[in-house]
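Trainee: Starting off with a structure, shown below.
The values are calculated or read from the model by the stated rules, or taken from the named source; none is laboratory data. All values derive from a computational prediction rather than experimental measurement. Here the Cβ is made from the backbone with ideal geometry for all residues, glycine too, and neighbour counts use every protein chain on show. Please note that ligands, DNA and RNA were not included when accessible areas were found on the heavy atoms of the full protein model with its side chains. Shrake-Rupley method; radii C 1.70, N 1.55, O 1.52, S 1.80 Å.
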Amino acid sequence: EGVQQRQAAAAKALQDHKAAAARVLDEQSQHMRRAVSKGQRYMADAGGAAMALLGGQNHDLQGIKERATGKDDFHKKRHRCITDPTRALETLKPYAQLELTIRCAQRLLPRPSWVGATTCDPFVNVYLDDQKLDQPGMQTLVVHGTVNPLWQHRVNVGIVAPASMLRVQVVDDQISEKVDIGFVELCVGDVPYNKEISGWFELRYQSNLKNTSLKRYASHCAIREEMLWNGTSMAEAAGQGGDSQKTPLASIVRTEVTMEDLEARKHAGEEALAKTRTLAHKCAHSCSKPSDQLAMQEHDRGNAGEIFLTMRLTKLVSDVDATLALSIDPPAPVVSEDYEAAKEAPKVRKKLDLQEAVDVLGDVRLRMFEDFLCCIYYTVKHIGAWRSPLLSAPMAIISFAACIHGYWGALAFPSGLALIMIATSMDNLRKMMSRGGMNAMMNDEGFKHAARWHSGVEMRMYLKRVVEQDIGGVVVDQGKLEDLGATVAKDGEPKVLYDELVLLLKKEPGLIKVETKFDLGFQVGDKVIVDERRRATVRGTDGTSIFVVYDDEDLLTPGAEAGVETPTAPHTETHESLQREVRVDPHQVRRRPEVTFMQSQGTKFLPTSLYNLSVDVLEQVEKLERSKVYPAILFITAIFTWKKRGIAFGLTLFSIILSIFFVCTELLYQRRDSHDEQNTTITALSWAAWVIITFLRNMDNMIMFGIVFGIFVANSRWFQMVKSVLKIASNMGKERMRHAPDMWSFYREDRAMRDSLVEVPSIVGADSWKDSVSTQLAKVPVDFPNLQKKLSSVRGLSQFKVPDVLHPENAKA
């Protein structure tokens, strides 16, 4: 019985185990079926979303683009004109609209041709603030084979900044490229509201696209291009600001017109006309009859043609909103060089001239680092080291006085400046103060200046410069150079001459490595530096002297500067640019880094990003040279080195007088209580002394106030609002200066032509070809040959040619 009970229990347990295992398997299978069903639904949902994104919901992309790039209504967000005018220019819709109709052009400048053809394929682009308007419909159709096109094209230009500059650019659609023919610019701020202006506008040569649009516009308002060509007095135009036929009215653009600008304009016209006179044209001109010559001279005038424009400026907002728009300034005008560079392909913006880059970087290093920063460093170090006690003692007293009372430093500052100017007037003392291992000249005198610092560090820096800049090598063993720098001078005096030092550096085994070219003599064409300051090119040698031509031709040669005729080589030839060879001593000349042809060609294999980075760095250095900082540094250096003796002497004398004046003022201020109040003269002087001393006492507070103001106030929102209100108030007076077209010398009214163009809509069936194409081309092809015949019958339009909209090149337009 016990055995049977145990067997029954085991059988039941086995049955329960099988039932449990079956339940587990059933649950797992159900879980897997649910997971598979869920995955199928997920895949189906993902596929449907992808299909919807790729297909059915593409229309949402347009809505996203509109929300991302759309601008705000001017009236609703007009407060931005006060709070942030720059942001208002970028984000607000136009406050006004310029309705511009480009009707026709005549006597356009033809393209150069060997066969004597005088034609072009013109069309027109519109620019606003140097930016091309590329919205649909902004470009006219191309009229093929004529210099008298008839476009009849209407565009609407939105105006956000009242003083925006508009440019109408005529382009020749050549086979290989688009070539600019001419342009005309005008300031929207001079166009009156709700007044139609219709007439001929003179087109300027494309080579006149220089400087900024503001200066170009002011110059064109002063005198027409063809008047310059016909010999009109440029001095009269530059003085009056307008030609004899126009009343000189003020413009919103206030830029002076100079004689140099007018002469450059005439020269640009001569160059543009020279391009159209090919060899075949000249031969035909010389062999033709006088009547034919008159026809050939049709384009020999001072402009690129004329274009007939009709415009009307209309406000889209209320007068109050238009007044708020006066706080918005247009974008900064683009300089023509930057504009031309922007038109090039973005891959490589311009050619990288390695030789020019090396020369420019060398000049900046010389002028800003060696001649300015290093001189300041060594002068301060010289005074602080008490190498000249007569100079260091008063400068120390002045400095400690400034630490005790700030206004004492202000009182003593002119005295310190006078002492510095007197010290720098002595040539030997100035060089001893301001020259060291980083900027000493590479000759015997510079060697002595570096040695007088009694410093091995200064001497090592000097030796390194000699190796790299004079010998043209590289240091191989830095340890040997340091040992030589420590022993080559003793007690502040060199043990050897400079030439012996150079020979020692070259012959010392394992010290430096020199290029083979630098061991040879100077050859014709070698690029050198004379007196370590002026770049030149070798033109010849005679064994004892070297003949060079300076790169800076506008500067006088050393002999000419001293009023002595400089001897030249026997083989010297007179060059058109008035270059002349100058005889110099070989010790004055050293080689400058020269880029070989293979090195310059190697830049073509640089990655585009690295190439463009190099160009950017060079552009920034060139901008630094053209900026106001670089000339200011050169000017200050010239004063403290007494090259500008008149200014330096005047500054020294003024500092001495001002120092005496401050001392007398301080004494008068200290004794103000003991003066008799009945004496009005002494009382007035005491009051003036009190004002001056109070100003000097609070000078440090005013400086700190300026710093705090620049940080916390100048960039604040409320201060921007104050500036905007003041700008609106100042510009409200300019709103009354909208005198166009009376102030435009480049404008010519032609009522007969305007009346003839009025008949064009009745022939075309619309005000512009754009409207004609949209209404007729979808129905029947436009018969342009027949249309051309109809327009030829209209008085004044027989020489004009209409565009063929069925031409393949006009398909996009």
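Trainee: What are the residues in the stretch 541-553 that are exposed (fewer than 15 other Cβ atoms within 10 Å of the Cβ) and more than 30 Å from the chain's Cα centre (by Cα), if any?
Mentor: Residues satisfying the conditions are ASP542, GLY543, THR544.
Trainee: I would also like to ask the following. So which residues in the stretch 156-175 are part of a strand (DSSP E or B) and modelled with pLDDT of 90 or more, if there are any at all?
Mentor: Once the filter is applied, which keeps residues that are part of a strand (DSSP E or B) and modelled with pLDDT of 90 or more, the stretch 156-175 yields ASN156, VAL157, GLY158, ILE159, MET165, LEU166, ARG167, VAL168, GLN169, VAL170, VAL171, ASP172.
Trainee: From the list LYS12, LYS76, LYS71, pick out the single residue that is among the basic types (Lys, Arg), over 30 Å from ILE159 (Cβ atoms) and modelled with pLDDT of 80 or more.
Mentor: Only one candidate qualifies: LYS12.
Trainee: Would you mind stating whether LEU141 is in contact with a helix residue (DSSP H, G or I) (Cβ under 8 Å, 6 or more places away or on another chain), part of a loop (DSSP other than H, G, I, E, B) and either open to solvent by 50 Å² or more (accessible area, probe 1.4 Å) or closer than 17 Å to GLU306 by Cα (or both)?
Mentor: Here the answer is no, as LEU141 does not meet what is asked.
Trainee: Under 6 Å between Cβ atoms, which residue pairs at least 6 apart in sequence (or on different chains) link something in the stretch 627-642 that is outside any helix (DSSP H, G or I) with a partner that is open to solvent by 40 Å² or more (accessible area, probe 1.4 Å)?
Mentor: TRP642/SER425
Trainee: THR118 is checked against (1) over 32 Å from the mean Cα position of the chain (by Cα); (2) at pLDDT 90 or above and fails just one. What number does that condition carry?
Mentor: Here THR118 meets the rest and fails (2).
Trainee: Determine, yes or no, whether ALA648 is among the small types (Gly, Ala, Ser) and at pLDDT below 90.
Mentor: no
Trainee: Quick one: what pairs do we get from the stretch 650-669, first residue over 12 Å from ILE422 (Cβ atoms), second among the charged types (D, E, K, R) and open to solvent by 50 Å² or more (accessible area, probe 1.4 Å), C-beta under 9 Å, 6+ apart or different chains?
Mentor: As it stands, the answer is none, since no pair meets every condition given.
Trainee: Would you check if there is a residue in the stretch 769-779 being within 42 Å of the chain's Cα centre (by Cα), modelled with pLDDT of 75 or more and surrounded by 15 or more Cβ atoms within 10 Å (Cβ to Cβ)?
Mentor: No, that holds for no residue.
Trainee: Then there is this: Any idea how many residues of the stretch 408-429 are open to solvent by less than 60 Å² (accessible area, probe 1.4 Å) and farther than 20 Å from PHE654 by Cβ?
Mentor: Count: 1.
Trainee: Could you tell me whether ASP742 is closer than 28 Å to GLY182 by Cα, at pLDDT 75 or above and open to solvent by less than 80 Å² (accessible area, probe 1.4 Å)?
Mentor: no
Trainee: Moving on. Any idea how many residues of the stretch 144-155 are surrounded by fewer than 23 Cβ atoms within 10 Å (Cβ to Cβ) and either acidic (Asp, Glu) or part of a strand (DSSP E or B) (or both)?
Mentor: Within the stretch 144-155, residues that are surrounded by fewer than 23 Cβ atoms within 10 Å (Cβ to Cβ) and either acidic (Asp, Glu) or part of a strand (DSSP E or B) (or both) number 2.
Trainee: Would you please list the contacts, defined by Cβ atoms under 8 Å and residues six or more apart or on different chains, that run from a residue in the stretch 426-447 that is over 17 Å from LYS643 (Cα atoms) and among the aromatic types (Phe, Trp, Tyr) to a residue that is open to solvent by less than 50 Å² (accessible area, probe 1.4 Å) and not in a loop (DSSP other than H, G, I, E, B)?
Mentor: From the stretch 426-447, the pairs are PHE447/TYR462; PHE447/PRO494; PHE447/TYR498; PHE447/LEU501.
Trainee: Being touching a residue at least 40 places away in the same chain (Cβ under 8 Å), surrounded by fewer than 18 Cβ atoms within 10 Å (Cβ to Cβ) and of a type in the set (D, E, K, R) is the filter here, so list the residues in the stretch 90-110 that pass it.
Mentor: LYS93, GLU99, ARG107
Trainee: Considering every residue within the stretch 153-163, establish whether at least one is farther than 30 Å from THR69 by Cβ and in contact with a Ser or Thr (Cβ under 8 Å, 6 or more places away or on another chain).
Mentor: So far as the stretch 153-163 goes, no, none of its residues is farther than 30 Å from THR69 by Cβ and in contact with a Ser or Thr (Cβ under 8 Å, 6 or more places away or on another chain).
Trainee: Open to solvent by 20 Å² or more (accessible area, probe 1.4 Å) and closer than 30 Å to ASP319 by Cβ: does that describe GLY158?
Mentor: yes
Trainee: If you check LYS215, LYS178, LYS210, LYS195, which single one turns out to be open to solvent by 10 Å² or more (accessible area, probe 1.4 Å), at pLDDT 90 or above, on the phi < 0 side of the Ramachandran plot and of a type in the set (Lys, Arg)?
Mentor: LYS195
Trainee: Of all residues being outside any helix (DSSP H, G or I) and within 28 Å of GLY199 (Cα to Cα) in the stretch 703-739, which is modelled with the lowest pLDDT? Just the residue, please.
Mentor: GLY733
Trainee: I've got another one for you. Is the stretch 56-67 home to any residue that is in contact with a Leu (Cβ under 7 Å, 6 or more places away or on another chain), at pLDDT 70 or above and open to solvent by 60 Å² or more (accessible area, probe 1.4 Å)?
Mentor: Scanning the stretch 56-67, I find no residue that is in contact with a Leu (Cβ under 7 Å, 6 or more places away or on another chain), at pLDDT 70 or above and open to solvent by 60 Å² or more (accessible area, probe 1.4 Å), so the answer is no.
Trainee: Within the bounds of the stretch 509-521, is there any residue that is within 23 Å of VAL538 (Cα to Cα), among the small types (Gly, Ala, Ser) and under 40 Å from the mean Cα position of the chain (by Cα)?
Mentor: no
Trainee: Which members of the stretch 373-393 meet the condition of being of a type outside the set (Gly, Ala, Ser) and open to solvent by 40 Å² or more (accessible area, probe 1.4 Å)?
Mentor: Across the stretch 373-393, the qualifying residues are LEU373, ILE376, TYR377, VAL380, LYS381, TRP386, ARG387, PRO389, LEU390.
Trainee: I'm trying to understand the selection: among the residues of the stretch 122-138, which are part of a strand (DSSP E or B) and small (Gly, Ala, Ser)?
Mentor: The answer is none; no residue qualifies.
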